[in-house]
Amino acid sequence: MMPRDAYNLLLREKLSLFTRQTFRTVASEEPYLPNWHLEAYAHHLEEVARGRIHRLVITVAPRSLKSISASVAFPAWLLGRHPAKQIICLSYAQELAVKNANQFRTVMGTPWYKSAFPETVISRSKNTETEFETTRGGSRFSTSVGGVLTGRGGDIIIIDDPIKPREAMSETVRTGVNEWFDLTVNSRLNRQSEGAIILVMQRLHVDDLAGHLLAKGGWTHLNLPAIADADEAIPIGRGRVHQRRVGDLLHPGLLPQGVLDQLRRNMSAFDFAAQYQQSPVPPGGNMFDTGSVRRYEGNLGTEPDDLIIQSWDTATKPGELNDASVCTTWLARRNAYYLIDVFRARLSYPDLRRAVITLHARWCPEAVLIEDKASGESLIQDLVSDGIYAHPIRPEGDKVMRAHAATFPFESGQVALPRTAPWLGELEAELRAFPQGRHDDQVDSVSQFLNWAREGLDYGPRIRDFDDD
């Protein structure tokens, strides 16, 4: 067994060893699986501590110990070496920020930490879930992204997962996070020339905070896709590099090929390319790939347990430049969704109501989905008096977020389009152009049905929401 003094010296000098000890403290139920990428984390964070890197972005797949490394171990190690440092830690949700802070406080209170860093003492006046101080004036303050930082300053600012995966497709959310960084976070360093900002995250969109900052230049980027897409020599400290070859897995012990293959099958290509490959724009480009979608021919007939569902996207004005009202009619059969009809027209409200009644009589659907806002709200109420039950849909997120969630059934083979239909060309053109196309009414109707079907019918696997560490 190594003498305690020698081990303490190694803990003070080697962040990678300190991180391993931290993991064993806060995740004692799980085995620690050493890997070169953890040494790459430690090396780059040590370079920040030495003042050699002032702006650092780490992009890496979920569940790769980035939060324990950057938000728990690194602040504790830094305050052990420099008890007067002031650190600000930010995460997308207050719950995550508090979790990281509590793990940090647990480490600071252990006998092994106190033995390695006897001069770093917790102040009795400030030791809470969100704010911690040392007797030397150092601190670790944590809050959520977008939270108030007025009057706060830090020598080092750590941003850990600034946006939820499920919100990444919202331009409003992304813009809010990016502007919050530009207008608030960027000015919170105590000394701009000496302080450092660290961003650690999984990529989620081409214009997420990592993309926003990297486009500006001046940032050191440690990029760690789950499967290497290029040969690369990655520094891991003390003059050593890890030679990574195309196709090499990031961590075979944690994310073996079989697990990655299953994840790829259970996620959309956009999600896997962004979250696991750190490449938010996958090969192929468009959100909806209609070229590879399943096709069916002729009349599908009827089978036991078939369900007919209609999904309406209703417009509020009949003008030529406005979006039309659209009804897509679907046959849900076992684990597949067959699009059997598309109705699209610019209608006044009375004509819209008559069209709903006519199409309902034609197809006799088990459910009619209508968004519960604007013209849809009045339509739902009026249809009750016509003897038609319309299922109100209360959408979450913006159009792009909802469409993004609907891409998985296309890619997994659950959606089938007819080989020929009079409405097919216009539909496919709109799907391929989205979200840059002139109109999106058919996309709205399609995504409304597919998102409802995955919840209401409970067919098929669901897209996971990866909250890290």
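A helix-only calculation puts the chain at -11000 deg cm²/dmol for mean residue ellipticity at 222 nm, using -39500 (n - 2.57) for each DSSP H run of at least four residues, averaged over all residues.
Which of the three applies to the range 124-234, rounded, prolate or oblate, going by the alpha-carbon gyration tensor with a ≥ b ≥ c and a/c under 1.5 meaning rounded? Prolate shape, in that a/c is at least 1.5 and a/b is the bigger ratio. The modelled label-to-label distance for the pair MET2/GLN381, using points 7 Å beyond Cα in the direction of Cβ, is 7.2 nm.
Quote the relative contact order of the chain in percent (integer), defining contacts as alpha-carbon pairs under 8 Å separated by 6+ residues. 16 percent. What number comes out for the charge environment of THR128, summing +1 per Lys or Arg and -1 per Asp or Glu over other residues with Cβ under 12 Å away? Net local charge, THR128 excluded: +1.
Residue-normalised convex hull volume from the C-alpha trace of the range 1-91: 121 Å³ per residue. The listed residues ASP208, ASP398, once ranked by accessible area (1.4 Å probe) with the largest placed first, stand as ASP398, ASP208. Once backbone amide H atoms are built at 1.01 Å from N, LEU189 has GLY154 as its partners under 5 Å, excluding neighbours fewer than 5 places away on the same chain. Backbone amide hydrogens, once placed in the peptide plane, bring CYS89 within less than 5 Å of PHE141, SER142, THR143, ILE158, excluding anything fewer than 5 places away on its chain. Ordered from largest to smallest accessible area (heavy atoms of protein chains, 1.4 Å probe), the residues ARG265, ARG50, ARG334 come out as ARG334, ARG265, ARG50.
In straight-distance terms, cross-link reach from LYS373 covers every one of the aspartates and glutamates whose alpha-carbon lies under 13 Å from its own, apart from those fewer than eight places away in the same chain; here that gives ASP313, GLU396. With the simple spin-label model, which puts each label point 7 Å out from Cα in the Cβ direction, the LYS126 to GLU30 separation comes to 3.1 nm.
Rounded to the nearest 20, the size of the Cβ-charge dipole of the chain about its Cα centre is 1980 debye, with Lys and Arg at +1 and Asp and Glu at -1.
In terms of packing, defined here as the mean over residues of other Cβ atoms within 10 angstrom, the peptides 130-137, 14-21, 357-364 line up highest first as 14-21, 130-137, 357-364. Between ASP229 and ALA433, the contour length at 0.36 nm per residue exceeds the alpha carbon distance by 70.6 nm. Accessible surface computed residue by residue for the chain, with neighbouring protein chains in place and a 1.4 Å probe, gives 45 Å² per residue.
Net charge in the neighbourhood of GLU119 (other residues with Cβ under 12 Å of its Cβ; Lys, Arg +1, Asp, Glu -1) is +4.
Were the residues from LEU424 through GLU396 laid out at 0.36 nm apart, the gain over their Cα-Cα distance would be 7.3 nm.
Taking the Cα atoms only, what angle lies between the long axis of helix 4-13 and the longest principal axis of the chain, rounded to 10 degrees? Helix 4-13 sits at roughly 50 degrees to that axis. Summarising the amide proton neighbourhood of ILE393: residues at separation of 5 or more, or on other chains, whose placed amide H is nearer than 5 Å comprise ILE370, GLU371, ASP372. For the cross-link pairs LYS99/LYS126; LYS66/LYS216; LYS14/LYS99; LYS14/LYS164, the ones whose C-alpha atoms lie over 20 Å apart are LYS66/LYS216; LYS14/LYS99; LYS14/LYS164.
Hey, if you put +1 on the Cβ of every Lys and Arg and -1 on every Asp and Glu Cβ in the chain, which of LEU249, ALA273, PHE288 ends up farthest toward the positive end of that dipole? Toward the positive end, the furthest listed residue is LEU249. Considering only the other residues whose Cβ falls under 15 Å of the Cβ of GLY153, what net charge follows from Lys and Arg at +1 and Asp and Glu at -1? So the environment of GLY153 carries a net charge of +1. Computing FRET efficiency as 1/(1 + (r/R0)^6) for GLN243 and THR150, where r is the C-beta to C-beta distance and R0 is 41 Å, gives about 0.30. Were the residues from ASN335 through TYR389 laid out at 0.36 nm apart, the gain over their Cα-Cα distance would be 16.9 nm. Residue-normalised convex hull volume from the C-alpha trace of the chain: 177 Å³ per residue. In the range 212-318, the portion of solvent-accessible area held by carbon and sulfur atoms comes to 50 percent [1.4 Å probe, whole percent, DNA, RNA and ligands not counted].
Rolling a 1.4 angstrom probe over the range 86-140 with all protein chains present gives an accessible area of which 47% lies on carbon and sulfur atoms. For the set ARG174, ARG124, solvent exposure ranked by accessible area (probe 1.4 Å, protein chains only) runs largest to smallest as ARG124, ARG174.
The values are calculated or read from the model by the stated rules, or taken from the named source; none is laboratory data. The shown structure was predicted, so the numbers you read here are calculated from the model rather than taken from an experiment. With ideal geometry, Cβ positions are generated from the backbone for all residues, glycine too; neighbour counts draw on all protein chains shown. Areas reflect the complete protein model, heavy atoms only, side chains present, ligands, DNA and RNA absent. Shrake-Rupley method; radii C 1.70, N 1.55, O 1.52, S 1.80 Å.
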